[in-house]
1. Return the only residue of LEU179, LEU122, LEU195 being surrounded by 13 or more Cβ atoms within 10 Å (Cβ to Cβ) and over 15 Å from the mean Cα position of the chain (by Cα).
2. Could you please give the count of residues in segment 80-97 that are touching a residue at least 60 places away in the same chain (Cβ under 8 Å) and either under 24 Å from GLY225 (Cβ atoms) or not assigned by TED's automatic domain parsing to the domain that holds VAL140 (or both)?
3. Among the residues of segment 163-197, how many are more than 18 Å from LEU219 (Cβ to Cβ), without any contact (Cβ under 8 Å) to a residue 24 or more places away in the chain and part of a loop (DSSP other than H, G, I, E, B)?
4. So which residues in segment 198-233 are in contact (Cβ under 8 Å) with a residue 40 or more places away in the chain, within 14 Å of ARG119 (Cβ to Cβ) and crowded, with 18+ Cβ neighbours inside 10 Å, if there are any at all?
5. Of a type in the set (S, T, N, Q), touching a Gly at 6+ places or on another chain (Cβ under 6 Å) and at pLDDT 50 or above: which single residue out of SER90, SER28, SER68 fits that description?
6. In segment 62-94, what residues are under 19 Å from SER145 (Cβ atoms) and under 10 Å from the mean Cα position of the chain (by Cα)?
7. Select from segment 96-119 the residues that are touching an Asp or Glu at 6+ places or on another chain (Cβ under 7 Å) and of a type in the set (A, V, I, L, M) and write down the one among them that is surrounded by the fewest Cβ atoms within 10 Å (Cβ to Cβ).
8. Which pairs turn up if I take residues in segment 114-139 that are acidic (Asp, Glu) and look for partners that are surrounded by 15 or more Cβ atoms within 10 Å (Cβ to Cβ) with beta carbon separation below 6 Å, at least 6 apart in sequence or on another chain?
Amino acid sequence: MPRNHLAANISQVAIAISIAIAGSIGISGSATAGPKLNVENRGAPTLTAGAASRSGNTATMIALQAPSQKTLTVAVAPTVFIYISNTTASEGIFVLKDENENDIARMTVALPDQPGIVRIQLPETMMSEALQVGKEYQWVFSPVSSNQSGINTTFINGWIERIELSPNQISRLNNTDPLGAVDLYAEAELWQDALATLAEFAATNPNNSNLEAKWNNLLNQAGMGNLAGVSVDFAQAVASNN
């Protein structure tokens with residue numbers, strides 16, 4: 001499939017996601033009722049379980065987020081981890097919106113060939129503004145297949161809020177190593193920051209035999225033990241402006 005055709009498909013998906021968010025409409029893309037983007041819902045992410053687009057592309061997606069709570073972060077640019085099962089998609093579209101549904105960022109993400117956990121780190125340079133303390137933001141991700149015909153309605157979404165560390169936590173963070181920072185974030189239940197810090201460390205220290213156990217322990221602590229042992233791509237997903 002020509003690259004320009006894929007780009008056109010990605011544009012269609014972006015439009016569909018924007019319409020869904022603006023109108024808070026349900027989207028039917030699976031055997032069960034489709035996910036609904038409700039701007040009042042700040043709980044666990046809406047996820048697709050075995051959802052299928054009209055092209056036959058199927059994917060199960062689960063956001064790595066503590067059950068029944070939005071993601072809290074101290075980062076100015078968010079990192080999101082998503083488990084993606086078998087899919088024909090080679091790329092996906094990631095959208096970040098503020099509380100007023102204004103786009104903060106919109107980008108395409110290259111996806112690995114094998115199922116597993118993907119790390120999506122949004123570069124600050126791709127954002128119209130940094131995350132503001134005390135404000136909530138909604139993210140949406142949808143895979144896009146190169147052989148897709150029509151609009152793919154398989155997507156997952158969640159909420160994220162930036163908070164500040166206490167002076168004591170900042171002092172401790174400034175006087176520890178990366179693995180110590182992972183423990184500090186976990187202690188504060190900043191699971192996304194703990195996972196992101198560990199993933200960044202693992203990407204540059206692939207031979208550290210303790211990282212897999214530490215990763216799985218974090219997932220268990222955060223109530224995501226069902227994903228412990230799942231293959232994870234610690235490398236940052238390659239992003240580009242959409």
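1. Values: LEU122 fails: over 15 Å from the mean Cα position of the chain (by Cα); LEU195 fails: over 15 Å from the mean Cα position of the chain (by Cα).
Within the list LEU179, LEU122, LEU195, the selection yields LEU179.
2. 4
3. 4
4. Selection gives ALA199, LEU219, LEU227, VAL232.
5. On the way: SER90 fails: touching a Gly at 6+ places or on another chain (Cβ under 6 Å); SER28 fails: at pLDDT 50 or above.
None of the others qualify; the one that does is SER68.
6. Start the filter on segment 62-94 by keeping residues that are under 19 Å from SER145 (Cβ atoms), which leaves 82-94.
Once the filter is applied, which keeps residues that are under 19 Å from SER145 (Cβ atoms) and under 10 Å from the mean Cα position of the chain (by Cα), segment 62-94 yields ILE82, TYR83, PHE94.
7. Kept after step one, since they are touching an Asp or Glu at 6+ places or on another chain (Cβ under 7 Å), are these residues of segment 96-119: 97, 99, 104, 108-112, 116-119.
Now narrow it down to the ones that are of a type in the set (A, V, I, L, M): 104, 109-111, 117-118.
Working: ILE104: 21, VAL109: 25, ALA110: 12, LEU111: 21, ILE117: 21, VAL118: 24.
Per the criteria, the residue is ALA110.
8. Close Cβ pairs (under 6 Å, with a partner that is surrounded by 15 or more Cβ atoms within 10 Å (Cβ to Cβ)) amount to GLU124/ALA77; GLU136/TRP159; GLU136/GLU161.
The values are calculated or read from the model by the stated rules, or taken from the named source; none is laboratory data. Model, not experiment: these values are computed from the prediction. Heads up, the Cβs are rebuilt from the backbone with ideal geometry, glycines too, and the neighbour counts pull from every protein chain shown.
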